[in-house]
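Student: One structure, as structure tokens, below. Some questions next.
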Amino acid sequence: MSETSDVASVPDSAASTVRREAHLATYSREQINQVLDATHLAHVGIIAADGRPTVIPTLFGREGDVLFLHGSVASRLVRTLADGLDCCVEVTLVDGLVLARSAFLHSMNYRSVVVFGRARTVEASEQLHGLKVISDHLLPGRWEEARQPSETELRQTCVLALSIDEASAKIRTGGPTEEEPEDIALPIWAGEVPIHTSWGTPVPASDLPEGIAVSDAVRAGLRRR
Ligand SMILES: Cc1cc2nc3c(=O)[nH]c(=O)nc-3n(C[C@H](O)[C@H](O)[C@H](O)COP(=O)(O)OP(=O)(O)OC[C@H]3O[C@@H](n4cnc5c(N)ncnc54)[C@H](O)[C@@H]3O)c2cc1C
């Protein structure tokens with residue numbers, strides 16, 4: 001089981017030190033965790049067995065300073081990670097379009113995190129816990145509502161843990177910057193268009209028997225949004 005480190009900042013390394021627009025960077029564990037917790041989707045970059053850089057989208061869960069990933073034991077991503085090879089996990093939330101007068105200075109508002117490291121395959125005794133962390137990250141409370149994994153399902157699933165000990169976040173907020181006075185004088189609208197992600201109304205499965213209400217976990221998730 002993982003605990004949150006009492007070190008407030010993730011140590012940066014040669015690889016994880018932000019160089020471009022370094023003023024947007026943070027290594028604060030709190031801010032890195034906030035970004036990780038605000039999204040469900042991670043992209044994992046690996047060098048696949050054929051030598052090609054490959055980026056695969058996947059669910060994840062965070063507990064303390066550890067990211068849990070999972071997948072079929074047959075998946076290339078899982079096999080590569082289980083081999084202990086270097087990987088890079090990235091998450092991004094897009095918060096807005098930044099529209100400058102100059103085409104060159106257009107940008108986005110975002111929160112992103114990049115984590116480097118090597119994952120470890122968790123022991124059988126930690127497998128269910130890792131799956132629960134991933135499930136809680138997807139929707140708190142759903143693990144307890146769902147049927148628990150069978151022995152066969154567990155055998156088909158690999159759970160991996162990656163320590164968040166080489167990581168950075170980059171966070172951009174606000175409107176366009178660095179525009180020249182002559183551009184600011186142009187009659188072109190400039191500013192930020194915020195982007196919000198929201199949940200829709202739950203749609204029951206087509207084969208859901210009548211009389212089963214939307215679950216507590218889903219209703220609680222909708223209330224939090
Ligand atoms: C939604 C979005 C859109 C973007 N669009 C563009 C674009 O169109 N063009 C462009 O050049 N850049 C864009 N960026 C910024 C981009 O992510 C890089 O930060 C930038 O390209 C510099 O990359 P680099 O490898 O040269 O940076 P470096 O500063 O040399 O990277 C060194 C290290 O800093 C860390 N790092 C770099 N970028 C990030 C990041 N975004 N989040 C967390 N850690 C990071 C990594 O550990 C990396 O290994 C965008 C970012 C986001 C989130």
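The values are calculated or read from the model by the stated rules, or taken from the named source; none is laboratory data. All values derive from a computational prediction rather than experimental measurement. Virtual Cβ from ideal backbone geometry, glycine too; neighbours counted across all protein chains shown.
Student: Of (1) of a type in the set (Asp, Glu); (2) assigned to a strand (DSSP E or B); (3) farther than 24 Å from residue 172 by Cα, residue 50 satisfies all except one. Which?
Tutor: Just one mismatch for residue 50, condition (2).
Student: What pairs come up if the first residue lies in the range 93-116 and is within 29 Å of residue 67 (Cβ to Cβ) and of a type in the set (Gly, Ala, Ser), the second is outside any helix (DSSP H, G or I) and near the ligand (Cβ under 7 Å from one of its atoms), and their beta carbons are under 6 Å apart, counting only those six or more places apart or on different chains?
Tutor: 112/92; 112/170
Student: Continuing with the same structure: Among the listed residues 125, 135, 198, identify the single one that is touching a residue at least 24 places away in the same chain (Cβ under 8 Å), closer than 28 Å to residue 76 by Cα, of a type outside the set (Val, Ile, Thr) and away from the ligand (no atom under 16 Å from the Cβ).
Tutor: Details: 125 fails: touching a residue at least 24 places away in the same chain (Cβ under 8 Å); 198 fails: closer than 28 Å to residue 76 by Cα.
It is 135.
Student: Any chance the range 81-101 includes a residue that's among the small types (Gly, Ala, Ser) and assigned to a strand (DSSP E or B)?
Tutor: yes
Student: Please list, ordered by first then second residue, the pairs with beta carbon atoms under 6 Å, 6 or more apart or interchain, first in the range 6-31 and within 16 Å of residue 113 (Cβ to Cβ) and outside any loop (DSSP other than H, G, I, E, B), second at pLDDT 95 or above and away from the ligand (no atom under 11 Å from the Cβ).
Tutor: 9/28
Student: Also, I was wondering about something else. Identify, by number, the condition in (1) within 16 Å of the ligand (Cβ to nearest atom); (2) within 24 Å of residue 156 (Cβ to Cβ); (3) outside any strand (DSSP E or B) that residue 67 doesn't meet.
Tutor: (3)
Student: Let me ask you something else. Would you confirm whether any residue within the range 122-145 is assigned to a strand (DSSP E or B), hydrophobic (A, V, I, L, M, F, W, C) and either under 16 Å from the mean Cα position of the chain (by Cα) or surrounded by fewer than 15 Cβ atoms within 10 Å (Cβ to Cβ) (or both)?
Tutor: No, because not a single residue in the range 122-145 is assigned to a strand (DSSP E or B), hydrophobic (A, V, I, L, M, F, W, C) and either under 16 Å from the mean Cα position of the chain (by Cα) or surrounded by fewer than 15 Cβ atoms within 10 Å (Cβ to Cβ) (or both).
Student: Output the qualifying pairs, or none if there are none: Cβ atoms under 6 angstrom, residues six or more apart or on different chains, first residue in the range 152-171 and under 26 Å from residue 11 (Cβ atoms), second residue among the basic types (Lys, Arg).
Tutor: 161/120; 171/111
Student: Those residues that are surrounded by 15 or more Cβ atoms within 10 Å (Cβ to Cβ) and touching a Leu at 6+ places or on another chain (Cβ under 8 Å), I need them from the range 55-76; list them, please.
Tutor: Those that are surrounded by 15 or more Cβ atoms within 10 Å (Cβ to Cβ) and touching a Leu at 6+ places or on another chain (Cβ under 8 Å): 56, 58, 59, 60, 61, 62, 66, 67, 68, 69, 70, 71.
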